[in-house]
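Bear in mind these aren't lab numbers, they're just calculated from the coordinates by the rules spelled out. Here the structure is a predicted model, which is why all the values come from computation and not from measurement. No Cβ is skipped: glycine too gets one built from the backbone with ideal geometry, and neighbour counts run over all protein chains shown.
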Amino acid sequence: MKSNLLQINNIHFSYDGSSEPLFESVSLNIYSGWTAIVGPNGTGKSTFLKLCTDLLKAQKGVILKPDSSAYCEQRTDFAPDNIEDFIYSYDKIAIKLKSILGINEDGLNRWDSLSHGERKRFQIGKVLYEDPELLAIDEPTNHLDIQTKSIIKKVLLEYKGIGLIVSHDRELLDSLCSNCLFIDPPKVSAFKGNYTEAKAQYGSELEYNRKVYSELLTEKRRMNSVLQERKLLAQNSDSRVSKRGIAKNDHDSREKLNRARVTGKDGVGGKLVNQIQGRLNQTTEKLEKHKVKKEYTTGIEFQTEISRRNGLLALGSTNIVLGVDKSLLIDHLNINPSDKIGITGNNGFGKSSLIRFILQQIKLEKENILYIPQEINEKATISIKEDIRKLGDDKLGKLMTFVTRLGSDPKRLLESDLFSPGETKKLLFAIGMLYQPQLIIMDEPTNHLDIVGTECLETALLGLNCALILVSHDFPFLQKTTSIHWSIERKGNVYILEKSYF
């Protein structure tokens, strides 16, 4: 019989080199069904999943989990460990999962040539085949077309164990989850309901805490002022009842002071000071309980340049080879200096291949192009951090302002050992904006981005005057940010680029 409880008891966790804890005094009970793990990029969502599945150890506290657990990571750089046990199994469950997810065995031998969406299907199929009592899954619908997203949602709904899911796909969380955890380091807050319902509760709680915090802060300032006044009065009172400065033979004055001390007049001021100090300490404790983090201003417009060329690309009929007996036919291809182009197509239809082809053919110098691929591996992420360290103070200051306006905490970002995929995308975009590009190409720009980050990116892209090419499965996002629509459609064994307008 499967265990239906994950217990988290007073855990504390910090990464080496971090000045602040990521999690502190976190205690939770998580039961069967899907629980959403929600929070901005870089707040520790993936770390939380790894703690719950024993891939990381908390410095303090205990996590009591079921005997079997699995973690499905968001990166798709490498095939999952022991995936052969699933791919080369032919029992009913394996056959069903491979059929539903459209998984071909030969894909495992050509992992590097698979699209990231195709790799994601392998990842999810493998962990579902294992059927663990606890399943932690990180961004399962990244890279996936609409049809595959629907399939993934269906198979996840059939899972009956304790499910933890990190996703910025609001529709998926609403249809899948009955509980939500909101991460705001070092705290984790739990709410019942799907994402939309829980977010409303979380928002109300934040608003209440802000109101109470403001009232307590006003009260603390008032009491501080009163305390200083009382301390001054007490000091003056002490001076009046002190024998210092009174002549030894002034017996009348000394007798009056002695009577004041006996009646306790000299202690009243001190008692009042102690009482006010006690109330002030209580208010300070309450302030800490209702403490809210500083809210940074988000949303930004960037400066870019329009190329002075008449056209950036002009090609006649073209055939792009995608693989064995697989090609993309293009009637003609034109890109002008201020075009805003959105590219759509199912997984494996050649969208990323088209982007690589454009980068080879485009009539611009490399330094005038900002290209952000859909996945940035760990080695490249480490290189980005090294590049940031080399920036001068002026550029670093601008970069951190850009990142803040894209919805991330710059302090936590600079302290992290390895940027999250969402933070990496924000950083690459912000670094590129330092140099005012003439062409921006982004492959799946909203993958890994939190909801606030996606909205900030939309705002930034709307203000650009340079050429822009976006590849995305997020149709509403493309409708907002681009005007020209290139759609890759399949006609038998041939893929065709069709052009229209949003």
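Here are a few things to note about the model shown:
- Cross-link table K120/K160; K65/K149; K50/K379; K187/K289, entries beyond 23 Å C-alpha to C-alpha: K65/K149
- Both the radius of gyration and Dmax for the chain are 30.4, 118 Å, in that order, over alpha-carbon atoms.
- Separation of the alpha carbons by more than 27 angstrom is noted, of K395/K480; K351/K480; K199/K426, for K395/K480.
- Scalar couplings 3J(HN,Hα) for the stretch 60-73, obtained by applying the Karplus form with A = 6.51, B = -1.76, C = 1.60 to θ = phi - 60°, are 8, x, 9, 10, 9, 10, x, 5, 10, 8, 8, 10, 9, 6 Hz; x denotes Gly and Pro.
- For K60, the residues 5 or more places off, or on other chains, whose built amide H falls under 5 Å of its own are H12.
- For the stretch 164-178, backbone phi angles converted through the Karplus equation (6.51, -1.76, 1.60; θ = phi - 60°) give residue-by-residue couplings of 10, 9, 9, 7, 9, 8, 4, 4, 4, 5, 5, 7, 9, 9, 10 Hz, Gly and Pro being listed as x.
- Packing-based ranking, highest mean first, of 45-54, 192-201 given that Cβ atoms within 10 Å are counted: 45-54, 192-201
- Packing order of peptides 405-414, 479-488, highest average first: 405-414, 479-488 (average count of other Cβ atoms within 10 Å over each peptide's residues).
- Span from the the stretch 427-462 Cα centroid across to the the stretch 336-358 one, whole angstrom: 16
- Once backbone amide H atoms are built at 1.01 Å from N, Y15 has L22 as its partners under 5 Å, excluding neighbours fewer than 5 places away on the same chain.
- Residue-averaged [θ]222 nm for the chain, counting only DSSP H segments that reach four residues, each worth -39500 (n - 2.57): -13500 deg cm²/dmol
- Cut-off 18 Å, label 7 Å out along Cα→Cβ of K385, residues of the stretch 1-22 by amide N: 14-22
- The stretch 313-501: relative contact order in percent, alpha carbon pairs under 8 Å with at least 6 residues between: 34
- Value of relative contact order over the chain, rounded to a whole percent, pairs C-alpha under 8 Å and six or more apart: 17
- Among beta bridges identified by DSSP and lying wholly in the stretch 5-193, the antiparallel ones come to about 45 percent.
- Within straight-line cross-link reach of K220, aspartates and glutamates at Cα separation under 15 Å, skipping those fewer than 8 residues along the same chain: E229, E285, E288
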